Structure formats: C-alpha cells, structure tokens
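Take a look at the structure set out below.
The values are calculated or read from the model by the stated rules, or taken from the named source; none is laboratory data. Owing to the predicted nature of the structure, the values given are computational and were not obtained by experimental measurement. Heads up, the Cβs are rebuilt from the backbone with ideal geometry, glycines too, and the neighbour counts pull from every protein chain shown.
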Amino acid sequence: DFDAVVHLHGMASRPEYDGYATDYIPPNYYKDYIYPNDRAATIWYHDHQLHQTADNVKKGLLGMYIVEDEYELGLNLPSGEFDVPLILQQHPNSRDILLVNGALKPYMEVMRHKYRFRVLNATANKVDDITVVKTEDESHKINLKVIGTDGGLRENPVDTDELEIAPGERYEFVIDFNELYDNPTKMYDLKFGDDQVLRFKINPSPVTDNSDVPGFLRSVKRFDNCHGTGDCTEFSPPSDCETTLTFDQDGQWLINGKGWPEIVACAPAFDESNRQYIVWKLHSAQGTHPVHIHLSDLQIIEHLNSDNQSIIDDKPYKQNCWKDIFLIRAEETVTVAGIFGPHTGKYMMHCHNLFHEDNDMMVNFVVGEDPSEAEDPSMIAPAQPISGSMPNLCSGTYSPTTMPKTIYYDADAIRKYNLEIYGPDSK
C-alpha cells in the first residue's frame, strides 16, 4: 500500500483537482476529482506524489485521456480504429528496455488507409527522436504529418521525418499507409532513438479511405516577445516584460535557486479587466530539462542555443502551437508566452525528468492571488476515509464516512477564456 496523487496532465484544473504533490490519497481513502473537459487535446493522467512520482509511474500509474469536441470531429481526420494511441514507456525493471502500450516490440497490422497516431512519451527521462523507417533500409525515413501537440491541434500540419519528443510531451501525426504500400512483404518500423519499438505490416487488401488532413486545422493566436512580433494586439505585455527562470544542476536540482515547496513566480489571471500576458524565459544552466508548467498551455516564441543563436526554426512542429512541456538543453533558453486562467491559486512547475522532479526540481507559482495568501491546494478538498471495505463502483457500494468538500467550475469564465485565448474553434 502507498499514497497516490492523480494529476491530469494537460487539463486546466482548479488547484484542488490538479494533483498537487502533497494532496495525498492514502490507502482506504478516496478523492473525487472534477474536470472541465473543455479543451480538445491528447492529455494523460499519472501519479504526482512528492518524491515518488518516478517509482509510481514506473509501476504503471498512468494512462492516456483524450478529449474531443464537435469542431475537431467535423474535420474528417482519421478516426475510430484509425486513431491510435501509442504510449512509450521504460520497462519497470530496466530503463534500457522500451515498451509501447505495455508491449515489447509488438507488430501492428495496418490497412491501406491514413492513421492518426497520438504519441505520449511516458518515460522517466528519455529524450529522443521518433522516426518511421523501412525495415530493410533504416536510412529511408517516412514523412510524418504533425497535426497536434500537447495543447491539441496545430493551426496547420507540419511535415517532418524526425520528431523530437521529451518526457511528458504528446504529438499527433498522420501516416498514409496506402501511399507507402507497394508489395505485401514490405514492413516499417517505428523507432524511438535507436530502438525499434513497433513494427507495421500493411494489409495488401485495398480499402476505401474518406478521411482527410486539411491544410488548415484551427486558428492559433500568436503571442509576441514584448516587441510587437505577434498578432495578439488585444492583449498587453507584462510591465517588466520578461521573467527568467533558471534550471540549475549545481549540486542539487533547483529552479531560481529554490526547491519544493517554494514560490518562484506570480502571474495575473485572465479576466475581462486584465488582458496581460506573461513572458517567461526558461534557461538551463546545466543539464537537459523538459519543463512542465501546470494550468495553461503556452507558446514557444524563441529558442536560443548555448551560443545565443536562434534555433526556433530547426523544429517547426514546435512553433505556432500550444504546449505544456518545453525542452531546454544545457545553456539553452526557451522563451514562452501566454495567459494563465481562468482559475486562480497555487500551481506547480517542474522538470519532467522524473528523477529531477523527485529530487526537488519542482516549485510553485501563483496565479491571480497574493502569494502570501494563496491556499495550500492539498487543504482545499482533501481525500476522505472510506468506511468498511473498498468501494465496488459496479455494485454501487460506495460508503464514505464523510462527504468531501466539492467545488465546481465557473463555466462562464471558462467559455470566455477559451474564446479569447483559443478562438472560435474551441469549446
């Protein structure tokens, strides 16, 4: 038996439902989580217990959580059996062995049809490229049409034959296996770095494929870097323009010299009277860090290498889209921008290398409140004891000794936020 904390990674949850690291659910306790399900995207849930996330995720406490809306369903993208989740994990007994959907190097028979793949890097610490290659000729890389990122659909598809993915990141891409088919013996391998993790075998029978990948997927407002380069003129930059957050591996893993549970930044919350966005510079003094910022999706507006040269154009699939994981290597700086909301309170920011996270490379930031008055999320709606045996949800024998404090969402505030930030193509 062990404590657990449920974090729905990518959902804009209230602080008490966000999986705060000390909001424990002990054995024989329960907690009801309430989610708005308001943004169509490929997200995932996993344990977020303080200092134990890597171990609990290794044991399998994770899964994919897909949110759809009417707009996306109307685009005629590959769907049903042609919409396939792929979760990349390390074997619980060896980080050198990679699994996909819990299996070791499985085969997948595919039809001569377009497939939409939703890929999640659920490894503890592995950053590498996804490629699809001919089995008999690994130098021949197949085009991946990237249509989605952490925050849902991109504005336009982007073609690439190498897709860098860090722990916690999600990407969606389409492969047309009818275009690839030319004989029944040819197969293709999906690789993660040097490791072949999945083999595709194309069924030779022709099928009807009415799905499509349109050139325009949805509108994405672009934030600038305080110098007028974006198109969000209805929003204003912060008064001090930019906040720098330094991830430093100098003897211990800290953010701006602070670790858990300290506060390193504050941000205004969106409302009709406050239209100010944030610009944060994420800098790695040492090491590689996939940075996860809770609550809101943000955009990458600049990426500088160790020589202070811009490399943002090197990976166009990371541009002009919404993300919640931002990869920085040693001496690199990634600048992100966006608007937090519509909820207020204390949220977490951390390295999603789970070994770094579990060793205190995790801090708090506060949205829309005085940091000295921000309530501890673990105290707002804590887990409650269960009387008698564990609940059998199928039979309905669910007998808590006390009912938890339930706090609901402001649906009107969510609608206004989504319309303003994500545009008319969102819920």
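Looking at G19, G60, which one is without any contact (Cβ under 8 Å) to a residue 60 or more places away in the chain and farther than 13 Å from A381 by Cα?
G60
Name the single residue, out of those in the range 142-166 being more than 20 Å from the chain's Cα centre (by Cα) and surrounded by fewer than 17 Cβ atoms within 10 Å (Cβ to Cβ), that is nearest to Q299 (Cα to Cα).
In this case the residue turns out to be D159.
Only residues that are modelled with pLDDT of 75 or more and either aromatic (F, W, Y) or surrounded by fewer than 11 Cβ atoms within 10 Å (Cβ to Cβ) (or both): list them for the range 233-251, please.
Once the filter is applied, which keeps residues that are modelled with pLDDT of 75 or more and either aromatic (F, W, Y) or surrounded by fewer than 11 Cβ atoms within 10 Å (Cβ to Cβ) (or both), the range 233-251 yields only F247.
Which one of these is surrounded by fewer than 22 Cβ atoms within 10 Å (Cβ to Cβ) and within 20 Å of V291 (Cα to Cα): Y65, Y45, Y30, Y35?
Y45
Just checking, does the range 303-317 include any residue being at pLDDT 95 or above and touching a helix residue (DSSP H, G or I) at 6+ places or on another chain (Cβ under 6 Å)?
The answer is yes; a qualifying residue exists.
Which pairs turn up if I take residues in the range 164-178 that are polar (S, T, N, Q) and look for partners that are part of a strand (DSSP E or B) with beta carbon separation below 9 Å, at least 6 apart in sequence or on another chain?
N178/K114; N178/I202
Taking the condition of being at negative phi, within 18 Å of the chain's Cα centre (by Cα) and not in a strand (DSSP E or B), how many residues in the range 265-306 meet it?
4
Restricted to the range 48-62, and to residues that are assigned to a loop (DSSP other than H, G, I, E, B) and modelled with pLDDT of 95 or more, which residue is surrounded by the fewest Cβ atoms within 10 Å (Cβ to Cβ)?
If we take residues in the range 48-62 being assigned to a loop (DSSP other than H, G, I, E, B) and modelled with pLDDT of 95 or more, then H51 is surrounded by the fewest Cβ atoms within 10 Å (Cβ to Cβ).
Any residue at all in the range 352-371 that is in contact with an Asp or Glu (Cβ under 6 Å, 6 or more places away or on another chain), under 21 Å from P36 (Cβ atoms) and touching a residue at least 40 places away in the same chain (Cβ under 8 Å)?
The answer is no; no qualifying residue exists.
Looking only at the range 306-355, filter to residues that are among the polar types (S, T, N, Q) and within 24 Å of L120 (Cβ to Cβ); which one of those is surrounded by the most Cβ atoms within 10 Å (Cβ to Cβ)?
Among residues in the range 306-355 that are among the polar types (S, T, N, Q) and within 24 Å of L120 (Cβ to Cβ), the one surrounded by the most Cβ atoms within 10 Å (Cβ to Cβ) is N353.
Can you name every residue in the range 27-44 that is touching a Gly at 6+ places or on another chain (Cβ under 6 Å) and assigned to a strand (DSSP E or B)?
Once the filter is applied, which keeps residues that are touching a Gly at 6+ places or on another chain (Cβ under 6 Å) and assigned to a strand (DSSP E or B), the range 27-44 yields A41, I43.
Examine the range 328-350 for a residue that is under 16 Å from the mean Cα position of the chain (by Cα) and not in a strand (DSSP E or B), and state whether such a residue exists.
Scanning the range 328-350 turns up no residue that is under 16 Å from the mean Cα position of the chain (by Cα) and not in a strand (DSSP E or B).
Given (1) touching a His at 6+ places or on another chain (Cβ under 6 Å); (2) touching a residue at least 40 places away in the same chain (Cβ under 8 Å), where does I312 come up short, assuming only one miss?
(2)
Any residue at all in the range 385-400 that is of a type outside the set (A, V, I, L, M, F, W, C), touching a Phe, Trp or Tyr at 6+ places or on another chain (Cβ under 8 Å) and at pLDDT 90 or above?
Yes, that holds for at least one residue.
Can you pull out every residue in the range 22-49 that is touching a helix residue (DSSP H, G or I) at 6+ places or on another chain (Cβ under 8 Å) and not hydroxyl-bearing (S, T, Y)?
Within the range 22-49, D23, I34, P36, D38, R39, A40, H46, D47, Q49 qualify.
Pick from H303, H294: which is closer than 24 Å to A413 by Cα and either out of contact with any Leu (no Cβ under 8 Å at 6 or more places or on another chain) or surrounded by fewer than 23 Cβ atoms within 10 Å (Cβ to Cβ) (or both)?
Result: H294 is the single residue among H303, H294 that is closer than 24 Å to A413 by Cα and either out of contact with any Leu (no Cβ under 8 Å at 6 or more places or on another chain) or surrounded by fewer than 23 Cβ atoms within 10 Å (Cβ to Cβ) (or both).
For the range 158-201, enumerate the residues that are in a strand (DSSP E or B), farther than 12 Å from I142 by Cβ and touching a helix residue (DSSP H, G or I) at 6+ places or on another chain (Cβ under 9 Å).
Those that are in a strand (DSSP E or B), farther than 12 Å from I142 by Cβ and touching a helix residue (DSSP H, G or I) at 6+ places or on another chain (Cβ under 9 Å): V158, E164, Y171.
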